[in-house]
Amino acid sequence: MRKYILGIALIATLATVSSFAYLQEETSYDNFKQDFLRLINKTRQMGCNCGNTYYPPAAPLVWNNNLEKAAQGHAKDMSKRSYFSHTSKDGRSMEDRIVFAGYYFKGFKSFMIGENIAFGQTSIDEVMAGWFKSEGHCKNLMNPGFQEVGVAEVNKYWVQDFGGRESFSAEQQKLIKQGKYRLIQKDVSSH
C-alpha cells in the first residue's frame, strides 16, 4: 500500500512539474510576442527619425502567425547553415518564404512585405535598438503600409517579417464578380 501511495505521489509530482514547464514555455512565448509588439508600437505611436527622414506616427502592428512561421524558418535555416542573408542558401527569397508560410496575396487589392534580420544580439531590447538605429531597418518598422509582423530568434539569428494587405471594397468585389473590373498583377520587388 505504501509503494502504491508513493507511486501516485511521484506521478502527481511529475505531472505538476510537466504542467508548470509547459505553462512557463507558453508564458515565455507570449512575453516574446508582447515585448516585440510593445517596443515596435510604442515607437510607431510617437513617430521617429530613420536616418535623416522623419516618419510620422503609424498604426500599430499586430502579430501574424504566418509571418512568424516564415521568420522562424529563415532564422532556423541561417543558424543551421551558418550564413546571414535575406536570400536563403537554396535561393529562396523573402517573398518565397513568406508566401510558402501561408501569407498569401491572392484576393487582396494590394500586398507588401519586408524583412529585417540581425545576428548576435542577446535580447529583444538590444535587437530592437539596433534596428531602430539602422535607417533601412527603421523604415521597415515605421512603414505605414505594414500592418502585421512576425518575429523569431534562433541561436542569436533574428528575423522580423512584415506584411500589409489591403482588401477590395464591397463595390470593387461586386465589379470583379460581374467581370467589370479587371485585375492586373504587378510584381514589384524591393527589400
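Computed values, structure above
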item: Members of region 66-96 that are of a type in the set (Ser, Thr, Tyr) and either open to solvent by 60 Å² or more (accessible area, probe 1.4 Å) or under 16 Å from Gln147 (Cα atoms) (or both); result: Ser82, Thr87
item: Answer residue from region 97-117, given it is under 17 Å from Gly150 (Cβ atoms) and over 15 Å from the mean Cα position of the chain (by Cα) and is modelled with the highest pLDDT among those; result: Phe111
item: Filtered residues of region 45-64 (kept if open to solvent by less than 70 Å² (accessible area, probe 1.4 Å) and under 23 Å from Tyr103 (Cα atoms)); result: Ala58, Ala59, Leu61, Trp63, Asn64
item: Single unsatisfied condition, Asn155 versus (1) at pLDDT 95 or above; (2) open to solvent by less than 70 Å² (accessible area, probe 1.4 Å); result: (2)
item: Checklist (1) open to solvent by 40 Å² or more (accessible area, probe 1.4 Å); (2) within 24 Å of Arg44 (Cβ to Cβ); (3) hydrophobic (A, V, I, L, M, F, W, C) applied to Phe162, failing item; result: (1)
item: Residues located in region 7-56, provided they are part of a helix (DSSP H, G or I), over 19 Å from the mean Cα position of the chain (by Cα) and modelled with pLDDT of 85 or more; result: Met46
item: Selection status of Tyr29, surrounded by 14 or more Cβ atoms within 10 Å (Cβ to Cβ), of a type outside the set (A, V, I, L, M, F, W, C) and farther than 22 Å from Cys138 by Cα; result: no
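The values are calculated or read from the model by the stated rules, or taken from the named source; none is laboratory data. Not measured: the values here are computed from a predicted model. Please note: Cβ atoms are built from the backbone with ideal geometry, for glycine as well, and neighbour counts cover all protein chains shown. Ligands, DNA and RNA are excluded from the accessible area calculation, which covers all protein heavy atoms including side chains. Shrake-Rupley method; radii C 1.70, N 1.55, O 1.52, S 1.80 Å.
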